[in-house]
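To keep things clear, I will list the structure first and then write my remarks on it.
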Amino acid sequence: MSKEIITLSEEEVRTLTDLKSPLLFKNDFDLIYESQVPNVGILFLEGELKILRKRKILSTPPLGSLIGLYHLMHNTPLPMGVKVCKNTSVIMIEKSTILEALAQKSGTLYQIISNL
Amino acid sequence: MSIIKNVNCENCSSRGKGIFCDLENTGIKEVSENKVMNIYKKGHTIFHQGNPPFGLYCVNSGKIKISKVGNDGKESIIRIAKEGDVLGHRSLFSNESYNATATILEDAAICFIDKKFIYKAIQTYPTIAIQLIQKLSREMGAAESMTASMSQKNVRERLAELFLMLKQTYGIEEKGRTRLDIKLTRDEMASMIGTASETVIRFISEFKEEGILEQEGKVIFIKDEDKLLEFANIQL
């Protein structure tokens, strides 16, 4: 399993969407620049995301992809950029949420983190 | 894979200037654990007008242009942020989309602190809320002054006022003159005072002829502040 992008099951996506509200991006935006530590983990729900390397499109991940969680946890740079396209919905998994899940040692997010 | 050098909030050069400056060691350590630091290159965008906020940005170093695009598609520069400044707080707390775009002017080290942590930290450490209120009040005062300046002053006065503001924020005293430690294009200056770049070029030439400004390459020096105050129509 790639550490940069993991694909969650429908059930995992549903659990996370129950926990957190999605954010709708109305404009194209570089959520993560290549070689940066992600500010948040990104769960892709709807629309279009682009994975970039050296400013070229490497791939477009499928819905349900979770990006950058491992690198956020370990404070390491993501070796690719992530661009969110206009009218795309994502859920942000913040560092504080990860720290909380790690402290509680339970829940869907903790299971996901444990499998990374 | 390398680990980005992560400056602790305890040792941050901006610590005394931000909204966390009144926090004791435990609080500042918590902020430090929950933040993410990144280096942004010139031209990178921190946040974009119309998009939803999901955290705060604390500037450790560098300069960031905060600009807004109007219905006519024209860009107006609202302000230039620097070390110690906090960005994105207004939209974050009003639960509105960003009403401006933040673009890096000079390579910057910026820390991101997520919304969830900020809300929790405010409850635990009310001094953060007080600092935020003070910051918002100062910004509102500055916005009111800007509105008054735009409606009451002519372009020449506004440009003189802009140089005074740049001197106050980015001025470095050097041999009887002040070097402005920021490089702005004529277009950017024009956008900050609501005029055309040709007009800015004309008045800068006038300021140079009057001995108010000097220029070496792209660096601008302020030579005569008293005259600049006079040109800005500011009574002290």
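The values are calculated or read from the model by the stated rules, or taken from the named source; none is laboratory data. This is a predicted model, so every value here is computed, not measured. Cβ sites come from the backbone with ideal geometry, for glycine too, and all protein chains shown count toward neighbours.
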- [ ] Looking only at segment A:38-47, decide whether some residue is more than 12 Å from the chain's Cα centre (by Cα) and within 26 Å of B:E96 (Cα to Cα).
- [x] yes
Task: Within segment B:64-78, tally of residues that are touching a Lys or Arg at 6+ places or on another chain (Cβ under 9 Å) and not polar (S, T, N, Q) - done: 6
Open item on the list: Among the residues that make up segment A:59-70, is at least one of them in contact with an Asp or Glu (Cβ under 9 Å, 6 or more places away or on another chain), over 26 Å from A:E100 (Cβ atoms) and of a type in the set (S, T, N, Q)?
Closed with: yes
Open item on the list: Residues that are touching a helix residue (DSSP H, G or I) at 6+ places or on another chain (Cβ under 6 Å) and either closer than 18 Å to B:I39 by Cβ or modelled with pLDDT of 95 or more (or both): does segment A:105-116 have at least one?
Closed with: no
TODO: Just need a number here: residues in segment B:67-84 that are under 8 Å from the mean Cα position of the chain (by Cα) and surrounded by fewer than 21 Cβ atoms within 10 Å (Cβ to Cβ).
DONE: 2
Task: Which listed residue, of B:L132, B:L105, is part of a strand (DSSP E or B) and surrounded by 17 or more Cβ atoms within 10 Å (Cβ to Cβ) - done: B:L105
Task: Filtered residues of segment B:204-228 (kept if closer than 10 Å to B:R177 by Cβ, free of Cβ contacts under 8 Å to residues at least 40 places away in the same chain and not in a loop (DSSP other than H, G, I, E, B)) - done: B:E214
Open item on the list: If A:V13 satisfies all but one of (1) of a type in the set (A, V, I, L, M); (2) touching a strand residue (DSSP E or B) at 6+ places or on another chain (Cβ under 6 Å); (3) more than 9 Å from chain B (Cβ to nearest Cβ), what's the number of the condition it fails?
Closed with: (2)
TODO: Within segment B:108-129, track down each residue that is surrounded by 14 or more Cβ atoms within 10 Å (Cβ to Cβ), within 14 Å of chain A (Cβ to nearest Cβ), among the β-branched types (V, I, T) and part of a helix (DSSP H, G or I).
DONE: B:I118, B:I122
- [ ] Kindly check whether there is at least one residue in segment A:23-37 that is farther than 25 Å from B:V7 by Cβ, in contact with a Ser or Thr (Cβ under 9 Å, 6 or more places away or on another chain), modelled with pLDDT of 95 or more and of a type in the set (A, V, I, L, M).
- [x] yes
- [ ] Only residues in segment B:126-145 that are under 24 Å from B:E24 (Cβ atoms) count as the first member; pair them with residues that are modelled with pLDDT of 90 or more and not polar (S, T, N, Q), Cβ under 6 angstrom, at least 6 apart or cross-chain, and list the lot.
- [x] B:I128/B:A121; B:I128/B:I122; B:A129/B:I122
- [ ] Kindly indicate whether B:I172 is among the hydrophobic types (A, V, I, L, M, F, W, C) and either out of contact with any helix residue (DSSP H, G or I) (no Cβ under 7 Å at 6 or more places or on another chain) or crowded, with 16+ Cβ neighbours inside 10 Å (or both).
- [x] yes
TODO: Restricting attention to strands (runs of 3 or more DSSP E) lying wholly within segment A:1-101, give those where 3 or more residues are surrounded by 15 or more Cβ atoms within 10 Å (Cβ to Cβ).
DONE: A:5-7, A:23-25, A:29-32, A:41-46, A:49-53, A:65-67, A:81-84, A:88-93
Open item on the list: So, in segment B:8-21, how many residues would count as being modelled with pLDDT under 75 and within 14 Å of chain A (Cβ to nearest Cβ)?
Closed with: 0
Task: Tabulated pairs, segment A:16-36, first more than 8 Å from chain B (Cβ to nearest Cβ) and more than 16 Å from A:L78 (Cβ to Cβ), second of a type in the set (A, V, I, L, M) and not in a strand (DSSP E or B), C-beta under 9 angstrom, 6+ apart or interchain - done: A:L16/A:L8; A:L16/A:L109; A:L16/A:I112; A:L19/A:L109
Task: strands (runs of 3 or more DSSP E) wholly inside segment B:22-94 that include at least 2 residues being at pLDDT below 95, away from every other protein chain (no Cβ under 13 Å) and out of contact with any Asp or Glu (no Cβ under 6 Å at 6 or more places or on another chain) - done: B:55-69, B:75-81
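Matching residues to (1) within 12 Å of chain B (Cβ to nearest Cβ); (2) free of Cβ contacts under 8 Å to residues at least 40 places away in the same chain:
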| position | (1), (2) |
| --- | --- |
| A:I57 | no, yes |
| A:P62 | no, no |
| A:M73 | yes, no |
| A:T76 | yes, yes |
| A:V90 | yes, no |
| A:L99 | yes, yes |
| A:K105 | no, yes |
